[in-house]
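First the structure, in the form of structure tokens, and then the observations on it.
The values are calculated or read from the model by the stated rules, or taken from the named source; none is laboratory data. What you see is a predicted model; the values in this text were computed from it and never measured. Note that each Cβ is placed from the backbone with ideal geometry, even for glycine, and that neighbours are counted across all protein chains shown.
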Amino acid sequence: MNISQNGLELIKHFEGCELEAYKCAAGVWTIGYGHIKTAEEGMVISQSYADELLEGEIVEYEDYVNTAVTAPLSQDQFDALVSWTFNLGNGNLNASTMLKVLNRGEYEEVPNQMKRWNKAGGKVLEGLIRRREAEANLFEGKEWM
């Protein structure tokens with residue numbers, strides 16, 4: 001599966017786009033829409049390059065979800081999982097109880113498991129509470145905005 005425009009909009013909404021590198025709440029250099037791989041202090045990019053970075057990187061996160069999830073998914077469920085994984089990483093996806101319950105077909109439990117991941121740097125963050133709520137809503141096929 002591939003992420004839909006709706007899923008990309010969710011990621012863009014919560015990541016925001018910063019054209020100058022900054023340290024995120026977890027203390028990691030970040031630029032564009034949450035890009036960390038090549039971000040470094042003092043880096044500045046264009047909007048078009050930020051878009052290119054996201055488009056190129058999202059394929060990796062689609063692959064993580066496509067590889068890890070064995071249960072059938074709707075487009076909304078897939079989009080929510082790609083957003084969650086984009087924010088939290090493949091390691092957290094694979095280690096999560098969320099993935100275990102999903103792969104057992106316990107779809108109704110997934111939103112609650114998603115919402116548990118609301119901390120950065122050991123602190124609960126309002127922005128992550130909102131993002132996890134949006135991802136949980138999208139997973140359930142509801143309006144996320």
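Has region 78-98 got any residue that is of a type outside the set (D, E, K, R), in contact with a Ser or Thr (Cβ under 7 Å, 6 or more places away or on another chain) and either modelled with pLDDT under 95 or under 18 Å from Arg131 (Cβ atoms) (or both)?
Filtering region 78-98 down to residues of a type outside the set (D, E, K, R) leaves 78, 80-98.
Those left that are additionally in contact with a Ser or Thr (Cβ under 7 Å, 6 or more places away or on another chain): 93.
Filter once more, so that each one left must be either modelled with pLDDT under 95 or under 18 Å from Arg131 (Cβ atoms) (or both): 93.
Within region 78-98, one or more residues are of a type outside the set (D, E, K, R), in contact with a Ser or Thr (Cβ under 7 Å, 6 or more places away or on another chain) and either modelled with pLDDT under 95 or under 18 Å from Arg131 (Cβ atoms) (or both).
Out of the residues in region 105-121 that are under 19 Å from Gly34 (Cα atoms) and of a type outside the set (A, V, I, L, M, F, W, C), state the one that is surrounded by the most Cβ atoms within 10 Å (Cβ to Cβ).
Among residues in region 105-121 that are under 19 Å from Gly34 (Cα atoms) and of a type outside the set (A, V, I, L, M, F, W, C), the one surrounded by the most Cβ atoms within 10 Å (Cβ to Cβ) is Asn118.
Give me a count of the residues in region 65-104 that are more than 19 Å from Asn6 (Cβ to Cβ) and either β-branched (Val, Ile, Thr) or buried (at least 16 other Cβ atoms within 10 Å of the Cβ) (or both).
Final tally of qualifying residues: 12.
Please enumerate the residues belonging to region 20-39 that are buried (at least 20 other Cβ atoms within 10 Å of the Cβ) and either over 15 Å from the mean Cα position of the chain (by Cα) or aliphatic (A, V, I, L, M) (or both).
Answer for region 20-39, where residues must be buried (at least 20 other Cβ atoms within 10 Å of the Cβ) and either over 15 Å from the mean Cα position of the chain (by Cα) or aliphatic (A, V, I, L, M) (or both): Ile31, Ala39.
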